[in-house]
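The values are calculated or read from the model by the stated rules, or taken from the named source; none is laboratory data. What you see is a predicted model, and the numbers here were worked out from it, not measured in a lab. Quick reminder, even Gly has a Cβ in these numbers, built from the backbone with ideal geometry, and neighbours come from all protein chains shown. To get the accessible areas, we keep the full protein, side chains included, count just its heavy atoms, and leave off ligands, DNA and RNA. Shrake-Rupley method; radii C 1.70, N 1.55, O 1.52, S 1.80 Å.
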Amino acid sequence: MKWKKDPFFDSIVHIHKSAELKPIVQLKNFIVNDPNGCIPISAVSKRGLEFDIAIRVARFLRQYPSVFEEFRGEHNSPWFRLTPEAAEIDREEKRVFKEGKEDLKDRLKRFVLMSKDKVLPLKIIKGMAWYLGLPDRFLEDSKGDLDESFRFVDMEDGLRGLTIESNGAKVLSTMQRNAMKNGVYFGGTLEGIEFPLFPSKGLRLRRKIESWVNEFQKLPYVSPYEDFSHLDPDSDFAEKRVVGMLHELLSLFVEHSAERKKLLCLKKYFGLPQKVHRAFERHPHMFYLSLKNKTCTAILKEAYCGNSSIERHPLLAVRKKYIELVKESDRILKNRRVNNRFIKHEKLDSVNKFSMV
């Protein structure tokens, strides 16, 4: 189907600033975790790859004076600490983590239970931790964040994994829970649940495609938490299961969006087809692919349209505050440049007057 630009989804700031915010928050956490609450530049200067920073770390920190405050330490070397404003948001973030710990555990459980074998390598979970909103060290059993239903296991190739001890209770997807509330789903295995559709303005489907979408909607809904081995991988039934899984994944994430290439990395463990990326393109009334910032971001439309039934992630409000604070850095740097030019002009005028005398 032909892709059509939608200015509304391309202008959601917290989605398109998420990639920029991630290394800032990681560095913030590194500073906060230091016993002194401040670090010398030597502590992070050679760890740019770890924080996914392509430029010198010192230069990166100086780009965000509203978040990181520079001062001179021992031997006149540069040190960094959080600004009072950043420290206040960090305290709020910690409160959200503490109060929303059960919600975070539930999202992590669902993420693991969606996998093909109900077990995921820790490296996969850590790679998606930013989208799930998991705090640093959340996966360390010594911290006590995980309850007895989580179990660490050894996987193939020497990988360490995380699995869930099942209590036999049926796990309902976001689609199933919302359908139950609306009285159109009663807990059966092959009941038809229609996906909420949100056509972009000016997006027209050809009659043949529109007819196919209508028939697709009537197909039985296959939950991403149920066994799918009996499905023909080339059937519309299997496609509805794939679409349902992508819907559930994005429902769990903080911004209800993710870089498409990150989602493609889950194919092996989630039993997704090789060409899963086409599901986004074939269902433009459900997903929007934004090409902003030279990357392809998949967005769940339902989370941003009308009276959304998608539960808001507890961390979203905090991230929005960080983004607003980061934007202040542009104003601070602009004022510094203006002041520096003014000082240079004053010095130049003083030299010229002295020369005339």
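Data table
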read-out	value
For the chain, calculated [θ]222 nm from helices alone, where every DSSP H run of n ≥ 4 adds -39500 (n - 2.57)	-13500 deg cm²/dmol
Accessible area (Å², 1.4 Å probe, nearest 10) - Trp212	60
The stretch 156-198 versus the stretch 1-27: alpha-carbon centroid distance in Å	27
Loop GluC sites (Glu not before Pro), the stretch 208-261 (other Cβ atoms within 10 Å of the site Cβ: 10 or fewer; DSSP)	none
Protein-only accessible surface order, largest first, of Met180, Met245 at 1.4 Å	Met180, Met245
Accessible-area value, Arg47, 1.4 Å probe, nucleic acids and ligands omitted, Å²	80
The stretch 170-262: C-alpha gyration tensor shape, a/c 1.5 cut-off, then a/b vs b/c	rounded
[x] 161; [y] 189; [z] 136, with the label sought being that of the calculated volume of the Cα convex hull per residue in Å³	[y]
Exposure ranking of Asp106, Asp330 by accessible area [1.4 Å probe, largest first]	Asp330, Asp106
Qualifying trypsin sites (Lys or Arg not before Pro) in the stretch 148-191, DSSP loop, other Cβ atoms within 10 Å at most 12	Lys170
Rounded accessible area per residue of the chain, 1.4 Å, Å²	57
Listed residues Asp232, Asp34, Asp90 arranged by accessible area, highest first, probe 1.4 Å	Asp232, Asp34, Asp90
